[in-house]
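A.B. asks: There's a structure below that I have some questions on.
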Amino acid sequence: MASWNLQGPVAVNGHLQQLDLATVLKPYVSRGTVQGDFIHQWNSTQGAHAALKGEGTVKVEIKDLAVERIVAGTSSIPSLTFGQIQASLACRDDACDVTELKGDGVDGSFTAQGHVMLRQPVQQSLLDLTVTVIPGAGFAQKAASLSLPPFQPGTPFTFKLVGPIMNARVAL
């Protein structure tokens, strides 16, 4: 949003019900649905960065998610399939704490915690996440085909994901 025309404090409560992610996030997502709840409130809605101010929470559940292969610079993220992902964020002004982020499916499971600093446009938001992945046999096979280091199915590994969402770096 470039600007607001609202006066005074504002609160927004919402519920997402079976939102088809493939229609919203093509070409990155080929299937998946999200449902969840959010609440956000602003004491002031004036100013150029008012959308990034205030505080609120988001809690979502994603089911049957298929993420297509994503090319990011000179590397790529393999296609991944998850049966379920749960996420909870608590935001104050432009800082969000990732209080829960976990998923599992045929490619394995993951958990993540950390922070997201919101920026406009949202693709420039900054990640600072610690991610633990327990690869399944499917992911281990995909990683080998992409010249990634070998992953032992069932053996957890942890890494940091930092930087802008669209150009995040992996640090071991």
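The values are calculated or read from the model by the stated rules, or taken from the named source; none is laboratory data. Since the structure is predicted, the reported quantities are computational estimates derived from the model, not experimental observations. Note: ideal-geometry Cβ built from the backbone for every residue, glycine included; neighbour counts use all protein chains shown.
A.B. asks: Within region 94-124, track down each residue that is at pLDDT 90 or above, farther than 22 Å from residue 63 by Cα and not aliphatic (A, V, I, L, M).
C.D. replies: 96, 97, 114, 115
A.B. asks: Among the residues of region 114-134, which ones are assigned to a loop (DSSP other than H, G, I, E, B) and over 14 Å from the mean Cα position of the chain (by Cα)?
C.D. replies: 119, 120, 121 - these are the residues of region 114-134 that are assigned to a loop (DSSP other than H, G, I, E, B) and over 14 Å from the mean Cα position of the chain (by Cα).
A.B. asks: Is it the case that region 81-103 has a residue that's closer than 24 Å to residue 12 by Cβ, assigned to a loop (DSSP other than H, G, I, E, B) and either in contact (Cβ under 8 Å) with a residue 12 or more places away in the chain or basic (Lys, Arg) (or both)?
C.D. replies: The answer is yes; a qualifying residue exists.
A.B. asks: Which of the residues that make up region 152-172 are in a loop (DSSP other than H, G, I, E, B) and at pLDDT below 80?
C.D. replies: Selection gives 172 alone.
A.B. asks: Please verify whether region 135-151 includes one or more residues that are in a strand (DSSP E or B), touching a residue at least 24 places away in the same chain (Cβ under 8 Å) and under 15 Å from the mean Cα position of the chain (by Cα).
C.D. replies: no
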